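First the structure, in the form of C-alpha coordinates, and then the observations on it.
The values are calculated or read from the model by the stated rules, or taken from the named source; none is laboratory data. Model, not experiment: these values are computed from the prediction. FYI the Cβ positions are ideal-geometry reconstructions off the backbone, even for glycines, and counts take in every protein chain you see.
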Amino acid sequence: MKLQKRFVALVRQYFKENGEVWLQNLPKLIHYCQQKWSIQVKEPFPSLSINYVAPAIMEDKTEIVVKICIPGESFLDELEALQLFRQRGIVQLIDSDKENGIIILEKLSPGYTLAEVQDDEEACRLASGVIKNLTIPAPAYSRLPTVTAREDKLQKLVDTHSDGVGPVSRQTLEIAFRIFKYLNQTTEKNFLLHGDFHHYNVLASGEGTWRAIDPKGLIGEIEYDLVQYMLNRQPGEGAYEVIEKRAEIFTKELNLNKERLLLWGYCHTVLATSWTVNDDGTYDESFYQGIEIFEKLYEANFGTKVCLKKFD
(Lines give C-alpha, C1' and ligand atoms only; values in the text may rest on other atoms or scores of the structure.)
Protein backbone atom coordinates (compact mmCIF):
# COMPACT_ATOMS: atom_id res chain seq x y z
CA MET A 1 0.00 0.00 0.00
CA LYS A 2 1.44 3.36 -1.07
CA LEU A 3 1.00 6.12 1.51
CA GLN A 4 1.39 9.85 0.97
CA LYS A 5 4.96 10.90 1.78
CA ARG A 6 3.86 13.94 3.80
CA PHE A 7 1.47 11.80 5.86
CA VAL A 8 4.21 9.26 6.64
CA ALA A 9 6.66 12.02 7.60
CA LEU A 10 4.15 13.65 9.96
CA VAL A 11 3.33 10.36 11.70
CA ARG A 12 7.03 9.64 12.20
CA GLN A 13 7.65 13.18 13.44
CA TYR A 14 4.84 13.16 16.01
CA PHE A 15 4.89 9.55 17.18
CA LYS A 16 8.51 8.39 16.64
CA GLU A 17 8.91 4.63 17.06
CA ASN A 18 5.23 4.10 17.90
CA GLY A 19 4.33 5.84 14.67
CA GLU A 20 6.60 3.56 12.66
CA VAL A 21 5.01 0.46 14.17
CA TRP A 22 1.54 1.86 13.50
CA LEU A 23 2.41 2.62 9.86
CA GLN A 24 3.59 -0.94 9.39
CA ASN A 25 0.32 -2.23 10.82
CA LEU A 26 -1.90 0.20 8.88
CA PRO A 27 -2.63 -2.15 5.92
CA LYS A 28 -3.94 -4.74 8.38
CA LEU A 29 -6.13 -2.12 10.08
CA ILE A 30 -7.61 -1.07 6.74
CA HIS A 31 -8.35 -4.70 5.90
CA TYR A 32 -9.90 -5.09 9.36
CA CYS A 33 -12.21 -2.13 8.66
CA GLN A 34 -13.29 -3.61 5.36
CA GLN A 35 -14.12 -6.92 6.98
CA LYS A 36 -15.82 -5.60 10.13
CA TRP A 37 -18.09 -3.08 8.44
CA SER A 38 -18.35 -4.73 5.00
CA ILE A 39 -17.00 -1.65 3.27
CA GLN A 40 -14.63 -0.85 0.44
CA VAL A 41 -11.98 1.68 1.48
CA LYS A 42 -10.82 4.05 -1.27
CA GLU A 43 -7.66 6.16 -1.64
CA PRO A 44 -7.10 8.46 1.36
CA PHE A 45 -7.91 12.16 1.25
CA PRO A 46 -4.91 14.44 0.62
CA SER A 47 -4.30 16.23 3.90
CA LEU A 48 -1.78 17.26 6.54
CA SER A 49 -3.43 15.03 9.13
CA ILE A 50 -1.55 12.60 11.36
CA ASN A 51 -4.51 10.24 11.01
CA TYR A 52 -5.39 8.01 8.07
CA VAL A 53 -8.63 9.41 6.64
CA ALA A 54 -10.23 7.86 3.57
CA PRO A 55 -13.64 7.64 1.86
CA ALA A 56 -15.34 4.27 1.79
CA ILE A 57 -18.49 2.67 0.37
CA MET A 58 -20.86 0.41 2.31
CA GLU A 59 -22.66 -2.55 0.79
CA ASP A 60 -25.78 -0.46 0.22
CA LYS A 61 -23.63 2.10 -1.68
CA THR A 62 -23.74 4.64 1.16
CA GLU A 63 -20.61 6.79 1.18
CA ILE A 64 -18.82 7.11 4.52
CA VAL A 65 -15.44 8.17 5.89
CA VAL A 66 -12.99 5.93 7.74
CA LYS A 67 -10.62 7.58 10.20
CA ILE A 68 -7.85 5.43 11.69
CA CYS A 69 -5.84 7.01 14.53
CA ILE A 70 -3.04 5.92 16.80
CA PRO A 71 -4.97 4.88 19.94
CA GLY A 72 -4.42 7.25 22.85
CA GLU A 73 -5.66 10.38 24.59
CA SER A 74 -6.25 12.43 21.43
CA PHE A 75 -8.33 9.68 19.84
CA LEU A 76 -10.43 9.21 22.97
CA ASP A 77 -10.95 12.99 23.27
CA GLU A 78 -12.21 13.21 19.70
CA LEU A 79 -14.49 10.22 20.09
CA GLU A 80 -16.04 11.60 23.29
CA ALA A 81 -16.52 15.03 21.73
CA LEU A 82 -18.33 13.51 18.74
CA GLN A 83 -20.59 11.57 21.10
CA LEU A 84 -21.31 14.58 23.33
CA PHE A 85 -22.11 17.00 20.52
CA ARG A 86 -24.72 14.47 19.29
CA GLN A 87 -24.76 15.70 15.71
CA ARG A 88 -25.33 19.33 16.76
CA GLY A 89 -23.60 21.11 13.91
CA ILE A 90 -21.02 18.37 13.60
CA VAL A 91 -20.36 15.37 11.38
CA GLN A 92 -22.35 12.28 12.40
CA LEU A 93 -20.54 9.45 14.19
CA ILE A 94 -21.71 6.12 12.76
CA ASP A 95 -19.56 3.67 14.70
CA SER A 96 -16.19 3.30 16.40
CA ASP A 97 -13.60 0.81 17.62
CA LYS A 98 -11.75 2.11 20.69
CA GLU A 99 -9.20 -0.69 20.83
CA ASN A 100 -7.96 -0.05 17.29
CA GLY A 101 -8.45 3.72 17.17
CA ILE A 102 -11.07 3.67 14.41
CA ILE A 103 -13.94 6.09 13.80
CA ILE A 104 -16.59 5.62 11.11
CA LEU A 105 -18.23 8.90 10.02
CA GLU A 106 -20.82 10.10 7.57
CA LYS A 107 -19.41 11.65 4.40
CA LEU A 108 -20.38 15.31 4.11
CA SER A 109 -21.34 16.47 0.65
CA PRO A 110 -20.36 18.56 -1.27
CA GLY A 111 -17.67 18.67 1.44
CA TYR A 112 -15.64 21.71 0.48
CA THR A 113 -14.25 23.75 3.36
CA LEU A 114 -15.08 27.21 4.64
CA ALA A 115 -11.67 28.27 3.33
CA GLU A 116 -13.18 28.25 -0.17
CA VAL A 117 -15.64 31.03 0.71
CA GLN A 118 -13.91 34.09 -0.76
CA ASP A 119 -15.80 36.75 1.23
CA ASP A 120 -14.06 36.70 4.62
CA GLU A 121 -16.92 38.39 6.44
CA GLU A 122 -19.45 35.94 5.02
CA ALA A 123 -17.21 33.02 6.01
CA CYS A 124 -17.02 34.39 9.56
CA ARG A 125 -20.82 34.67 9.79
CA LEU A 126 -21.16 31.10 8.54
CA ALA A 127 -18.64 29.99 11.16
CA SER A 128 -20.71 31.80 13.80
CA GLY A 129 -23.74 29.76 12.75
CA VAL A 130 -21.80 26.52 13.20
CA ILE A 131 -20.64 27.59 16.66
CA LYS A 132 -24.24 28.44 17.62
CA ASN A 133 -25.26 24.88 16.77
CA LEU A 134 -22.29 23.45 18.66
CA THR A 135 -22.83 25.49 21.82
CA ILE A 136 -23.86 23.28 24.73
CA PRO A 137 -22.95 23.46 28.44
CA ALA A 138 -19.98 21.44 29.58
CA PRO A 139 -20.94 17.93 30.71
CA ALA A 140 -21.04 17.30 34.45
CA TYR A 141 -18.59 14.43 34.07
CA SER A 142 -16.04 14.13 31.30
CA ARG A 143 -12.52 12.98 30.65
CA LEU A 144 -11.97 15.92 28.31
CA PRO A 145 -9.27 18.44 29.29
CA THR A 146 -10.14 22.01 30.25
CA VAL A 147 -8.51 25.19 28.99
CA THR A 148 -6.47 25.08 32.20
CA ALA A 149 -4.43 22.38 30.48
CA ARG A 150 -3.37 24.98 27.91
CA GLU A 151 -2.39 27.30 30.77
CA ASP A 152 -0.23 24.49 32.14
CA LYS A 153 1.51 24.11 28.78
CA LEU A 154 2.34 27.80 28.77
CA GLN A 155 3.60 27.64 32.35
CA LYS A 156 5.95 24.84 31.30
CA LEU A 157 7.34 27.08 28.57
CA VAL A 158 7.87 29.89 31.09
CA ASP A 159 9.62 27.51 33.48
CA THR A 160 11.91 25.93 30.86
CA HIS A 161 12.73 28.84 28.51
CA SER A 162 14.46 31.62 30.43
CA ASP A 163 15.24 33.48 27.19
CA GLY A 164 11.86 32.98 25.54
CA VAL A 165 10.87 30.72 22.65
CA GLY A 166 12.06 31.73 19.18
CA PRO A 167 10.79 35.27 18.54
CA VAL A 168 8.56 35.19 21.64
CA SER A 169 10.34 36.95 24.52
CA ARG A 170 10.39 35.78 28.11
CA GLN A 171 8.33 38.83 29.11
CA THR A 172 5.66 38.02 26.53
CA LEU A 173 5.47 34.43 27.77
CA GLU A 174 5.00 35.68 31.34
CA ILE A 175 2.29 38.16 30.37
CA ALA A 176 0.42 35.51 28.40
CA PHE A 177 0.68 33.05 31.29
CA ARG A 178 -0.71 35.60 33.79
CA ILE A 179 -3.62 36.36 31.45
CA PHE A 180 -4.32 32.65 30.95
CA LYS A 181 -4.42 32.23 34.71
CA TYR A 182 -6.64 35.28 35.22
CA LEU A 183 -9.12 34.20 32.55
CA ASN A 184 -9.35 30.65 33.84
CA GLN A 185 -9.90 31.88 37.40
CA THR A 186 -12.66 34.30 36.33
CA THR A 187 -14.56 32.01 33.94
CA GLU A 188 -18.23 31.99 34.95
CA LYS A 189 -19.58 29.26 32.67
CA ASN A 190 -17.88 26.45 30.80
CA PHE A 191 -18.99 24.88 27.53
CA LEU A 192 -18.09 21.87 25.46
CA LEU A 193 -15.65 23.24 22.88
CA HIS A 194 -14.52 21.97 19.50
CA GLY A 195 -10.90 22.58 20.45
CA ASP A 196 -9.54 23.17 16.93
CA PHE A 197 -12.14 25.32 15.22
CA HIS A 198 -10.95 26.90 11.96
CA HIS A 199 -11.80 27.20 8.26
CA TYR A 200 -10.53 23.76 7.26
CA ASN A 201 -12.55 22.00 9.96
CA VAL A 202 -15.88 23.37 8.70
CA LEU A 203 -17.38 21.62 5.67
CA ALA A 204 -20.33 22.28 3.40
CA SER A 205 -23.10 19.76 4.03
CA GLY A 206 -26.05 20.29 1.75
CA GLU A 207 -27.30 23.57 0.38
CA GLY A 208 -26.57 26.40 2.80
CA THR A 209 -25.60 24.03 5.61
CA TRP A 210 -22.18 23.80 7.25
CA ARG A 211 -20.88 21.36 9.84
CA ALA A 212 -17.70 20.93 11.84
CA ILE A 213 -15.32 17.99 11.66
CA ASP A 214 -12.29 16.81 13.65
CA PRO A 215 -13.14 18.07 17.16
CA LYS A 216 -10.29 17.84 19.64
CA GLY A 217 -12.64 18.08 22.63
CA LEU A 218 -12.05 20.76 25.27
CA ILE A 219 -13.91 22.42 28.15
CA GLY A 220 -13.90 26.20 28.49
CA GLU A 221 -15.30 29.53 27.33
CA ILE A 222 -16.73 29.98 23.82
CA GLU A 223 -14.42 32.97 23.36
CA TYR A 224 -11.38 30.70 23.60
CA ASP A 225 -12.66 28.34 20.91
CA LEU A 226 -12.69 31.13 18.30
CA VAL A 227 -9.08 32.27 18.53
CA GLN A 228 -7.68 29.63 16.16
CA TYR A 229 -10.23 30.65 13.54
CA MET A 230 -9.22 34.31 13.85
CA LEU A 231 -5.55 33.36 13.39
CA ASN A 232 -6.26 31.19 10.37
CA ARG A 233 -6.00 32.37 6.75
CA GLN A 234 -4.63 35.83 7.46
CA PRO A 235 -3.89 37.91 4.36
CA GLY A 236 -0.37 39.06 3.54
CA GLU A 237 -1.41 42.64 4.21
CA GLY A 238 -4.29 44.02 6.24
CA ALA A 239 -4.24 41.26 8.87
CA TYR A 240 -5.11 43.76 11.61
CA GLU A 241 -8.31 44.80 9.86
CA VAL A 242 -9.28 41.18 9.11
CA ILE A 243 -8.84 40.00 12.71
CA GLU A 244 -10.58 43.15 13.96
CA LYS A 245 -13.60 42.43 11.76
CA ARG A 246 -13.69 38.76 12.73
CA ALA A 247 -13.68 39.72 16.41
CA GLU A 248 -16.50 42.19 15.76
CA ILE A 249 -18.62 39.62 13.91
CA PHE A 250 -18.10 36.88 16.49
CA THR A 251 -18.86 39.25 19.36
CA LYS A 252 -22.10 40.44 17.75
CA GLU A 253 -23.34 37.15 16.29
CA LEU A 254 -22.62 35.08 19.40
CA ASN A 255 -23.19 37.75 22.08
CA LEU A 256 -19.70 37.35 23.50
CA ASN A 257 -17.53 39.35 25.89
CA LYS A 258 -15.19 41.22 23.55
CA GLU A 259 -12.61 41.96 26.22
CA ARG A 260 -12.27 38.30 27.10
CA LEU A 261 -12.21 37.35 23.41
CA LEU A 262 -9.26 39.66 22.78
CA LEU A 263 -7.45 38.55 25.92
CA TRP A 264 -7.89 34.89 25.01
CA GLY A 265 -6.69 35.88 21.56
CA TYR A 266 -3.50 37.36 22.94
CA CYS A 267 -2.51 34.59 25.33
CA HIS A 268 -3.47 31.70 23.04
CA THR A 269 -1.61 33.27 20.12
CA VAL A 270 1.54 33.43 22.25
CA LEU A 271 1.15 29.72 22.98
CA ALA A 272 0.27 28.83 19.38
CA THR A 273 3.28 30.77 18.05
CA SER A 274 5.58 28.99 20.51
CA TRP A 275 4.34 25.64 19.24
CA THR A 276 5.40 26.54 15.70
CA VAL A 277 9.04 27.31 16.56
CA ASN A 278 11.32 24.74 14.90
CA ASP A 279 14.84 23.63 15.78
CA ASP A 280 16.23 25.72 12.91
CA GLY A 281 14.60 28.86 14.34
CA THR A 282 11.80 29.13 11.79
CA TYR A 283 8.24 29.77 13.00
CA ASP A 284 4.78 30.75 11.78
CA GLU A 285 5.16 34.45 11.04
CA SER A 286 1.42 35.07 10.66
CA PHE A 287 0.83 33.68 14.16
CA TYR A 288 3.65 35.82 15.52
CA GLN A 289 2.20 39.01 14.06
CA GLY A 290 -1.12 37.99 15.62
CA ILE A 291 0.35 38.62 19.09
CA GLU A 292 0.89 42.29 18.32
CA ILE A 293 -2.48 42.54 16.56
CA PHE A 294 -4.42 41.26 19.57
CA GLU A 295 -2.40 43.56 21.82
CA LYS A 296 -3.21 46.59 19.66
CA LEU A 297 -6.88 45.61 19.37
CA TYR A 298 -7.13 45.36 23.15
CA GLU A 299 -5.58 48.81 23.59
CA ALA A 300 -7.81 50.31 20.88
CA ASN A 301 -10.98 48.90 22.46
CA PHE A 302 -10.21 49.25 26.18
CA GLY A 303 -7.75 52.12 26.35
CA THR A 304 -4.98 50.23 28.09
CA LYS A 305 -2.10 48.00 27.09
CA VAL A 306 -1.96 44.28 27.86
CA CYS A 307 0.47 44.21 30.77
CA LEU A 308 1.46 42.21 33.83
CA LYS A 309 0.14 44.66 36.42
CA LYS A 310 -3.51 44.50 35.35
CA PHE A 311 -3.63 40.70 35.66
CA ASP A 312 -1.44 40.11 38.71
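Can you say whether Ala140 is in contact with a Cys (Cβ under 6 Å, 6 or more places away or on another chain) and not assigned by TED's automatic domain parsing to the domain that holds Ala81, as far as the supplied structure shows?
no
Answer yes or no as to whether Asn100 is among the polar types (S, T, N, Q), surrounded by 14 or more Cβ atoms within 10 Å (Cβ to Cβ) and out of contact with any Leu (no Cβ under 8 Å at 6 or more places or on another chain).
So Asn100 does not fit the description; no.
Which one of these is among the polar types (S, T, N, Q) and at pLDDT 95 or above: Ser74, Ser38?
Ser38
Let's see how each residue does on (1) farther than 22 Å from Lys107 by Cα; (2) out of contact with any Leu (no Cβ under 8 Å at 6 or more places or on another chain); (3) modelled with pLDDT under 95; (4) not small (Gly, Ala, Ser):
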| residue | (1), (2), (3), (4) |
| --- | --- |
| Asn184 | yes, yes, no, yes |
| Asn190 | yes, yes, no, yes |
| Gly195 | no, no, no, no |
| Ser205 | no, no, yes, no |
| Ala212 | no, no, no, no |
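Take the residues in segment 289-304 that are in contact (Cβ under 8 Å) with a residue 40 or more places away in the chain and buried (at least 20 other Cβ atoms within 10 Å of the Cβ), then tell me which one is farthest from Val165 (Cα to Cα).
Leu297
Given the condition in a helix (DSSP H, G or I) and more than 19 Å from the chain's Cα centre (by Cα), answer yes or no: does some residue in segment 123-145 qualify?
Within segment 123-145, none of the residues are in a helix (DSSP H, G or I) and more than 19 Å from the chain's Cα centre (by Cα).
In segment 86-112, how many residues are at pLDDT below 95 and either of a type in the set (Gly, Ala, Ser) or closer than 18 Å to Met230 by Cα (or both)?
So the count comes out to 3.
Could you list, in sequence order, all residues of segment 257-279 that are assigned to a loop (DSSP other than H, G, I, E, B) and either within 17 Å of Gly303 (Cβ to Cβ) or in contact with a Leu (Cβ under 8 Å, 6 or more places away or on another chain) (or both)?
Within segment 257-279, just Asn257 meets the criteria.
Restricting attention to segment 196-221, which residues are surrounded by fewer than 24 Cβ atoms within 10 Å (Cβ to Cβ) and aliphatic (A, V, I, L, M)?
Leu203, Ala204, Ile213, Ile219 - these are the residues of segment 196-221 that are surrounded by fewer than 24 Cβ atoms within 10 Å (Cβ to Cβ) and aliphatic (A, V, I, L, M).
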